[in-house]
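Comments concern the structure below.
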Amino acid sequence: MEFISYKDTSVRLSGRWDTERFGAAVTTAPGGTIELAFCGTCAVLHFDTDWNEHPFPHLYLSVDNGAKMETPLNRYLRIECETSGAHFITVVLKGAMEQQHRWHQPLVGKLSFLGYEAEKSGTLPQDDRRVIEFIGDSITEGVLIDAFYNDERINQKNRPNQDDVTATYAYLSARALGLKPVIMGYGAVGITKGGCGSVPKVIEAYPYNFSGSFAQPQNPDIIVINHGANDRGAKEEDYLTGYWEFLELVRKRNPASKIVVLSAFCGAFHEALGEMVKRFNEQKGETVTYIDSYGWIPVEPLHPLRDGHFEVARHLIPELKKLL
C-alpha cells in the first residue's frame, strides 16, 4: 500500500480546517468532515494524536455511504472492505471534551488528519450542495444530547459519549434541506464572553479556525447565528451592541450570504434582539432574517436532548426553506 497525503485530490475536507501550518489537516470544530476515495480492499487512516489526551474526541465513520459507526480517535484506524474496487469513506468529528484546549497551542481537543494508506487513491464523487453555516455555542455543537451516558466520575470526561453534532438542530436542518453544514459551535461562548477550551467570544473567534489560523471563507448561501444562552448574565445593552458589531463582521466576511438571527431557545433577550435586527436592517439597508425561537422547546434542560433538537429543526426547516 502507498501513503496518500491529506492534500491529495482524493481527499475532501468540509468545515473549519487549517491545512497549511502543521503538516496535517487540523480542526477543533465538531462537524468537521473528511471524505476520501480509494481503490482496493483496505484503507488505514493516519491521525496525529500528539497532545490529544483521554478522553479522545469521538468520530463517526461510514464506508460507501453505509451505516455510520462511532469510534474514539486513534493514531491509526483500519477499514477493511468485503470487495475490492472503488470505495468512499466519510469521517465526521462527532464531539470532544469541551474543557480541553481547542484554541491555543498545544491543541488538545483537536482532530489532525495526516492522510491514509491504500492500494491507490480513487476519485471523489461530485458534491454540488450549497453551504449553510451555523454559528453558535454548546447547543450548536451538540453538547449533552445523550446526557444519560454519564458513567465517568469526572463529568467532563463523559462528553465524547454524550455529545453528537450530527443530531443537532443545525445538522438535521442542513440534511433535510440538502445543504452542506459548516458548524462553528463552542461550549459556553457567547456574544459577550468566551467559553470552554479557551475559546474567546464569538466576534474574536469567528475569523479563525483557532488562534493564529485564519479561517477560509466558506461562501455559504445561508448563515444562521444562535447566540444568547451564555449571555443571560450580561447587560442587555452590552449584548445588543456586541450582536450588532458581530453582524457587521459576518456581513463583511460574507457579502453575498443570507444572514439569519435565531434567538436563544431559552428566551434570553428575544424581544429586544428582534427589535435590534429591525433597526440594523433599516440603518444598514440589510435584509437579515430574524426568527424568534422562544417557546419551540422547554427552557429546561438548557441543552436539548435528541428529541429537543428534532423539534427545533422541525420549526426551523420551513423557515430556512423560504430563503432557498
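The values are calculated or read from the model by the stated rules, or taken from the named source; none is laboratory data. For clarity, every value in this text was computed on a predicted model and none was experimentally measured. Don't worry about glycine lacking a Cβ; one is built from the backbone with ideal geometry, like all the others, and counts go over all protein chains shown.
Restricting attention to the range 168-193, and to residues there that are out of contact with any helix residue (DSSP H, G or I) (no Cβ under 8 Å at 6 or more places or on another chain) and small (Gly, Ala, Ser), which single residue is farthest from residue 260 (Cα to Cα)?
Residue satisfying both the conditions and the ranking: 178.
Which one of these is of a type outside the set (Asp, Glu) and either surrounded by fewer than 24 Cβ atoms within 10 Å (Cβ to Cβ) or assigned by TED's automatic domain parsing to the domain that holds residue 182 (or both): 110, 68?
Details: 110 fails: either surrounded by fewer than 24 Cβ atoms within 10 Å (Cβ to Cβ) or assigned by TED's automatic domain parsing to the domain that holds residue 182 (or both).
Answer to the check: 68.
For the range 150-166, which positions are touching a residue at least 12 places away in the same chain (Cβ under 8 Å), surrounded by fewer than 19 Cβ atoms within 10 Å (Cβ to Cβ) and either touching a Leu at 6+ places or on another chain (Cβ under 6 Å) or not basic (Lys, Arg) (or both)?
Result: 150, 152, 156.
Residue pairs, Cβ under 9 Å, 6 or more apart or interchain, first in the range 244-264 and assigned by TED's automatic domain parsing to the domain that holds residue 274, second part of a loop (DSSP other than H, G, I, E, B) and modelled with pLDDT under 95. List them.
Close Cβ pairs (under 9 Å, with a partner that is part of a loop (DSSP other than H, G, I, E, B) and modelled with pLDDT under 95) amount to 253/217; 254/217; 254/218; 254/219; 256/219; 257/218; 257/219.
Does residue 220 count as assigned to a loop (DSSP other than H, G, I, E, B), surrounded by 21 or more Cβ atoms within 10 Å (Cβ to Cβ) and out of contact with any helix residue (DSSP H, G or I) (no Cβ under 6 Å at 6 or more places or on another chain)? Reasoning before the result, please.
Details: assigned to a loop (DSSP other than H, G, I, E, B): yes; surrounded by 21 or more Cβ atoms within 10 Å (Cβ to Cβ): yes; out of contact with any helix residue (DSSP H, G or I) (no Cβ under 6 Å at 6 or more places or on another chain): yes.
In short, yes.
Of all the residues that make up the range 37-60, how many are buried (at least 20 other Cβ atoms within 10 Å of the Cβ) and more than 12 Å from residue 79 (Cα to Cα)?
Qualifying residue count, the range 37-60: 8.
For every residue, the table says whether it meets (1) within 21 Å of the chain's Cα centre (by Cα); (2) surrounded by 15 or more Cβ atoms within 10 Å (Cβ to Cβ).
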| position | (1), (2) |
| --- | --- |
| 248 | no, no |
| 267 | no, yes |
| 283 | no, no |
| 311 | yes, yes |
| 315 | yes, yes |
| 320 | yes, yes |
